[in-house]
1. Within the stretch A:1-20, which residues are open to solvent by 30 Å² or more (accessible area, probe 1.4 Å) and either at pLDDT 85 or above or part of a helix (DSSP H, G or I) (or both)?
2. Mind checking which residues of the stretch A:508-537 are closer than 22 Å to A:ALA448 by Cα and open to solvent by less than 10 Å² (accessible area, probe 1.4 Å)?
3. Go through the residues of the stretch A:387-398 one by one and say whether even a single one is under 17 Å from A:LEU303 (Cα atoms) and either away from chain B (no Cβ under 14 Å) or among the hydroxyl-bearing types (Ser, Thr, Tyr) (or both).
4. Quick check on the stretch A:120-133: of everything there that is touching a helix residue (DSSP H, G or I) at 6+ places or on another chain (Cβ under 7 Å) and within 18 Å of A:ASP182 (Cβ to Cβ), which residue is farthest from the other protein chains (Cβ to nearest Cβ)?
5. Name every residue in the stretch B:55-65 that is open to solvent by 10 Å² or more (accessible area, probe 1.4 Å) and either among the polar types (S, T, N, Q) or closer than 17 Å to B:LEU84 by Cβ (or both), in order of residue number.
6. Restricting the search to the stretch A:428-440, which residues are part of a helix (DSSP H, G or I) and open to solvent by less than 60 Å² (accessible area, probe 1.4 Å)?
7. Among what's in the stretch A:289-324 and is of a type in the set (D, E, K, R) and closer than 24 Å to A:PRO432 by Cα, pick the residue that is surrounded by the fewest Cβ atoms within 10 Å (Cβ to Cβ).
Amino acid sequence: MKLIALAGCPNVGKSVIFSRLTGVNVISSNYPGTTVDFTKGTTFIGDEKFELIDVPGTYSLEATSKAEEVAQTMLQEADFVINVIDATHLERNLYLTLEILELKKPSIIALNLWDETRHLGIEIDVVKLEKMLGVPIIPTCALCGTGMKELAAKVSDAQPSQTIGPLSEEKRWLKVGEIIRDVQVVHHRHHTLKERLADITVMPTTGISIAIAVILLMFLFIIEIGNAIINYLLDPLFYGYYGPWIVTTVNSFVPSGLLHDILIGTSTLESLDFEQSLGILTTGLYVPFGMVLPFVITFYFMLSVLEDFGYLPRLAILVDTGLHKLGLHGSAIVPTILGCGCNVPGALATRILETEKQRFIAMTLMAISVPCMAQSAMIFAVLGRYGLRWILIVYATLFVLYIFLGLLLKRIVKGESPELLLEVPRYRKPDPVTLLKKTWAKTYGFLAEAVPFVILGIFIVNLLYVFGIIDILMRVFSPILTAVLGLPEGAIVALILGILRKDIAIGMLLPLGMSPQQLTVACIILATYFPCIATFVVMVRELGVRDLLKAAGLMVLVSLSVGILMRVILIGI
Amino acid sequence: MSDRNPNEEGVSLTTLLPGERGKIVALQHGKGRQHHFRTMGLMEGKIIKVIATQPGRGPFVIDVEGTQIAFGRGMARHILITKL
């Protein structure tokens, strides 16, 4: 299969073109041996199938960063190159274009955001530009789909540029200047209303108010929509149809015994109990699909909206000063928000931070005090029945921990905390198709990670009970759990399962008949003491064993101290 | 680069207030950062406008030919401009 590389600077609409050209079979992965992510898919042009690769967005191919190195290698491996240029920032994009054309690969250029040039007062002589660069140029508007067919039609006939040869860095800049003088006229214009509105979102006073409103609205939306999906769709399905059917079916094959209990636990037709019955086919499916998934989907949808709209860089600017006090910088807000969905992509996203110190702090803080959506959904489900204030206590504790540990880590971790540097993209209307594809890809990632572990967890719990291991564990850990933390002995089950998955672990607290105070303490301990196994694995890979051990030691220490503190405050001695 | 006049005296970008404009006369960063800035559109001769600064020695947000870029105060200090 021939390979087409889609290359361009950041924020030129490359990923929208990519999703327009490919189908649903898009895979995101890691470039071998690096921490650079890229996306790959296939596309049909005529009858021929091509592989399409979304090269990481870079401003040049100079190989000063890993992303640039990867971009360079990918371009060298490609059979064809589509260079996506932002027509509204032609000058800034041409440097990379020249570098790409110098590779002498068959290339074409997508002059994207073409529709926006006119009202920005920019005139580009496309015919002249085509002549100077020596490759076909297709004006496109990825969002509205203009030019996509032409792009696909022309790419397989592309030829290497005849006019652009190898240049030195200085000559390249001169060439950029020369091209701009010849092909582009910019008419003077005033700041538009839209731009003024965009500006107030990065000004301190207005920006921070807007940021708070945006985040509150986002979480309100997630909670409301998530609950609506559960109440009107999933619960009726689980309790009305799936439950009776699965109980009847399993009972007709295995009416009792170990297998019966592993499959559907204590559920009977009279009392369908999805939350506590501990069967693989009852609780094992209900927790990930019936309790967590609705919030995960809405979370990822909202996150994709903010991302595609272009809001996240602005948020990063507003929180930069605060995050510097924690040894991070503004961009760390992106992995942190992602971590609210799932700590695994959150930990991976810390790669946007430049130094090891920042990455260590960001990952450790996340593992300790950023609950993933699965965990949050269960905390809401378990504590919500006793009132909002218990939930607030959990989150306030985690937030204070985040700040406190950050202040501490900034001082004790060696290394650099560099300054923020980012481009602030113009606000753009998100493309619904790209939004849905992104949401689906992330949700699928959650399901692939969660469901097997939840089922495995429930299986293990069943075995622990059957073989009486639970009793031994309860006796061993009872001093620390009961005497020190004020929790029932049975909470050890939750702590063991929490290493596997946090959602099912919190579910394990339900049958213990705890007071809201005890539940609150238990939720805080479960959130802080250790990340789930999937996050743990990613952290080993990203931090190395030594740093991970440091982080893990901190987690245990923090969790125990906070657990004791909260026990004293909430339950008394 | 070609527009640069070596006799032009520059002051640090950090002296600009939000809303003020200046023309870049020199980048005084290390080679790698300079290259990165140039590819982002920040180079000698370009006119920039400060959109916002964040309190507590926070980052600058500037506009250069319709592109907005945010960077920390340390990076801003090493961009020399003449006020317009």
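The values are calculated or read from the model by the stated rules, or taken from the named source; none is laboratory data. Quick caveat: nothing in here was measured; it's all calculated off a predicted structure. Don't worry about glycine lacking a Cβ; one is built from the backbone with ideal geometry, like all the others, and counts go over all protein chains shown. These area figures cover heavy atoms from the full protein model, side chains too; ligands, DNA and RNA do not enter into them. Shrake-Rupley method; radii C 1.70, N 1.55, O 1.52, S 1.80 Å.
1. If the condition is that a residue be open to solvent by 30 Å² or more (accessible area, probe 1.4 Å) and either at pLDDT 85 or above or part of a helix (DSSP H, G or I) (or both), then A:MET1, A:LYS2, A:PRO10, A:SER15, A:ARG20 are the ones that fit.
2. If the condition is that a residue be closer than 22 Å to A:ALA448 by Cα and open to solvent by less than 10 Å² (accessible area, probe 1.4 Å), then A:ALA527, A:PRO531, A:THR535 are the ones that fit.
3. Checking the stretch A:387-398: not a single residue is under 17 Å from A:LEU303 (Cα atoms) and either away from chain B (no Cβ under 14 Å) or among the hydroxyl-bearing types (Ser, Thr, Tyr) (or both).
4. Restricting to residues being touching a helix residue (DSSP H, G or I) at 6+ places or on another chain (Cβ under 7 Å) and within 18 Å of A:ASP182 (Cβ to Cβ), the top hit is A:LYS128.
5. B:ASP63, B:GLU65
6. If the condition is that a residue be part of a helix (DSSP H, G or I) and open to solvent by less than 60 Å² (accessible area, probe 1.4 Å), then A:THR434, A:LEU435, A:LYS437, A:LYS438, A:THR439 are the ones that fit.
7. A:GLU307
Residues are listed down the side, and each one gets a yes or a no for (1) within 11 Å of chain A (Cβ to nearest Cβ); (2) in contact (Cβ under 8 Å) with a residue 24 or more places away in the chain:
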{"position": "B:LEU16", "(1), (2)": "no, yes"}
{"position": "B:HIS36", "(1), (2)": "yes, no"}
{"position": "B:GLU44", "(1), (2)": "yes, yes"}
{"position": "B:THR53", "(1), (2)": "yes, yes"}
{"position": "B:ILE62", "(1), (2)": "yes, yes"}
{"position": "B:GLU65", "(1), (2)": "yes, yes"}
{"position": "B:GLY72", "(1), (2)": "yes, no"}
{"position": "B:LEU84", "(1), (2)": "no, yes"}
